[in-house]
Each structure stands twice: as structure tokens, then as C-alpha cells.
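Heads up: the structure comes next, in C-alpha cells.
The values are calculated or read from the model by the stated rules, or taken from the named source; none is laboratory data. Just so you know, these numbers come straight off a predicted model, no measurement behind them. We place every Cβ from the backbone using ideal geometry, glycine too, and count neighbours over all the protein chains shown.
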Amino acid sequence: MDISSILNGYDTSDITVGVLGGHSALDVSHGAKQFGFNTVCIAREGREKTFEKYYKTRGERGCIDTVIVKEGFDGVLDADVQGKLRKMNTIFVHNRYFWVYFDDFSQVEKNFEVPIFGSRTLLKIEEGDQPYNQYHLLQDAGIRTPKIYNGVGGKGLGVGIDRPVIVKAAEAERGYERAFFVVTSDEEYERIGSQMEAEGKIASNWREATVEEFVVGAPINFNYFYSPLTGELELMGTDTRRQTNLDGFLRMTAPQQIQALQSVPLKMIETGHIACTVKESILEKAFDMGEKFVAQCKKLPKDLDPSGKGMIGPFALQGAVVAEEGREDIVIFDVSFRIPGSPGSRATPYSGYLHGESMSVGERIGLEIKSAVEQGRLEEIVT
């Protein structure tokens, strides 16, 4: 795909920022409007009111200018939709929806002829079933990860479990959501996994799911932004997840939890995020991790990153701060190669320390696109 020729046909004085309707669409659209851009949202039928009614631009209010409603999110690949987006001079900001709602993500990589802010191909590395996935990249970067059972990627075996581990199986009904379960032995792994499969809670391929050490620590998501324009890494904010129904269980006493578990299965489905801060003494470790991650992405071979541009814009390293032998360390067990769905992280002070006032990830994307347009460097931040 020749992104250069597409950009050459754009009127860069009239750029539109495009999103899929969900995840971080409002954050991105609000940020785009702050820097004078038009916005367009591809919404799924039945979920369009949020964008078409409640946050639709009207005067000085709202942040969604145009809504295109399709039966499914993969409608963004339709030729007529792509034509409209190019006519609107659209720079598309992808999110996790690009992966979970598309049967064949390669269609996005090869056939979505609209410039994407960020990497077009790195998103799939988040998935554990890829030959080269986030675990490989983290270890190649020298970033600490949990012990992975059955080697890097942790595929298929519950052999040799010698401590609490978390099994990242897929839900039976929604394959893009993970139905975590925790076990402490090979016997529990087989018994609980088989039981959950029989009850229709997890997919039948659960033995292929990643099995990793259950890290006991304070969960923290480190949300970064790497600017190709400045060559600088920024920490946009930190947050922690809210998960249903885990959060409900954590509000019970131990006896209540034991009683509840007899009739209510524990689930760890992400439902939101809470902004939180970390001690300043941890920040240098956090920046060091981010720098290692960006450097390793620049080393990826052409088959993984045909653009050769590496990491562009927002990403997140998600893990836990652990205490060991009088010191604290950070263990990373998840990666987002795109904007994290956490607009509340702007409530933390880290972006403000750099930019003068706190900035959301969506606003930072808007600033990067504006700077690229003004400097004539738009091609450097898209793929």
C-alpha cells in the first residue's frame, strides 16, 4: 500500500481524525477537536446513539462531527466507506476494536487504504497465539515478565506448576474476552479447566492459552507516548483496572467470598480504569522500561513491521509493582501497542509535569498530528 500517494492527495489544511465507535473513540475525538480537526466515527448499528446523539457536535458542544453507521465494525473496510474517509482527508486512529471485531485482521493491514496513526502491523503482537508475540518482545527488550510456563508464550501445557499461576483462556461466548482462572498445581489446572469448559465458560482450546505466574503486587498500567517528531518518550499517566465481578468479591470479607464462590463464579472482565499515581522513586524504572520497549520495536524485522517505523504514539505496559528483598520492581504481563482505553489517566500529574497541564492521550494524539501537519512530516507518524 502506497501511503505516500494517498497523503499526497490530501488537503492537509482540512484533516479529519477517524475512529471506530467504542473503546477510546471519545477520548481521541475530543482531543482532535481541541486542535482544530474534524472528526468522523464509524459506529456499529445498535451502538450508535452514544456518538450520533449524546456526543454529536452541536455548536461549541460535543466532539463527533460525522457518524457512519454500519452493521458491523468491519464495515470500515467497505470500499464506499474508505472512499468517504479519504475524501475527508482522514487520519484513522486505531484501537483494540480493530483486532477483536475483525475475523481477518490482515484485511486491515493490507486492504484498509486510509492512513493509520501509529503502527498498522504491531497490534497483532498483543495476541498470545502469534508466532512472535508480546512475551517474546518483552523478553528481547530485557523487560521483566512473569515466569511463563511451557516456554515463551506459555502455550498448551499445565506441566510443572509450582506456584499460583493465571491461565489466560478465552471466553466460550466472546472469544476476544479472556476468562482468567487461577490454579496452584497441574491437577487443579486440568480439573478446573475441564470443569469450566464443560460449563461453557471457556473456549475448548483453553489448553493452548498462556499460563503465567500469578504476580502478587499492586497492579499498575503505565501509559506512554513516543513521538517520532521529537524522538522523546513521555509518560502520559498511570492507572489500574476495574474488573467485574472481581471488584465485587474484593469488597467482601473472606468468609463472604467463600460463601459467594459456591454460587457465583469469579470473573475478571475489564469494565473500566481508575487513575492512580506511583511513587517518584519508581518513575525512573518506568521510563527505562518504556525506552527499552521503543528501542526493541525499532529492531523488529520487516515481516513484523514492514514500515520500519517501530512504535508510533501511544502504548501501554501493564503489570504490577512487587516488593522483593527491600526493593520494588515492576513486572509486566500485558502490552497495548495502541491507545489504551483509559481516558481517566489524565487525572494523574505526569503529562502536566512536562506539558504544563495534564493532557489526555487523545489530546496528545491531536497535538502530534497538528505538529506533523505544520512541519510537513505527516508521513512519519502514519502507516
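Listing for the model above:
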{"item": "The range 16-38 - residue that is in contact with a strand residue (DSSP E or B) (Cβ under 6 Å, 6 or more places away or on another chain) and of a type outside the set (G, A, S) and, of those, surrounded by the fewest Cβ atoms within 10 Å (Cβ to Cβ)", "result": "N38"}
{"item": "Residue satisfying condition, being at pLDDT 95 or above and of a type in the set (V, I, T), within set I258, I312", "result": "I312"}
{"item": "From the options V76, V81, residue that is within 15 Å of G22 (Cβ to Cβ) and of a type outside the set (K, R)", "result": "V76"}
{"item": "Only listed residue being basic (K, R), buried (at least 17 other Cβ atoms within 10 Å of the Cβ) and in contact with a Lys or Arg (Cβ under 9 Å, 6 or more places away or on another chain), chosen from K70, K124", "result": "K70"}
{"item": "Selection from the range 192-219 of residues that are polar (S, T, N, Q), exposed (fewer than 14 other Cβ atoms within 10 Å of the Cβ) and in contact (Cβ under 8 Å) with a residue 60 or more places away in the chain", "result": "none"}
{"item": "Given (1) at pLDDT 95 or above; (2) within 28 Å of I365 (Cα to Cα), index of the condition R346 fails", "result": "(1)"}
{"item": "Check on D65, surrounded by fewer than 18 Cβ atoms within 10 Å (Cβ to Cβ) and not small (G, A, S)", "result": "no"}
{"item": "Residues of the range 50-62 satisfying the condition of being under 13 Å from H30 (Cα atoms) and buried (at least 17 other Cβ atoms within 10 Å of the Cβ)", "result": "F51, Y55, K56, G62"}
{"item": "The range 336-368, residues that are crowded, with 23+ Cβ neighbours inside 10 Å and among the β-branched types (V, I, T)", "result": "I339, V361, I365"}
{"item": "Count of the range 1-52 residues which are more than 25 Å from the chain's Cα centre (by Cα) and among the aromatic types (F, W, Y)", "result": "1"}
{"item": "Residue within the range 47-59 that is in contact (Cβ under 8 Å) with a residue 40 or more places away in the chain and closer than 21 Å to P343 by Cβ present", "result": "no"}
{"item": "Residue list for the range 278-298, filter: acidic (D, E) and in contact with a strand residue (DSSP E or B) (Cβ under 8 Å, 6 or more places away or on another chain)", "result": "E291"}
{"item": "Qualifying residue in the range 39-49 (condition: crowded, with 21+ Cβ neighbours inside 10 Å, within 17 Å of E368 (Cα to Cα) and assigned by TED's automatic domain parsing to the domain that holds D104)", "result": "yes"}
{"item": "Candidate set from the range 87-130 (those that are touching a strand residue (DSSP E or B) at 6+ places or on another chain (Cβ under 7 Å) and of a type in the set (S, T, Y)); member that is nearest to E208 (Cα to Cα)", "result": "Y97"}
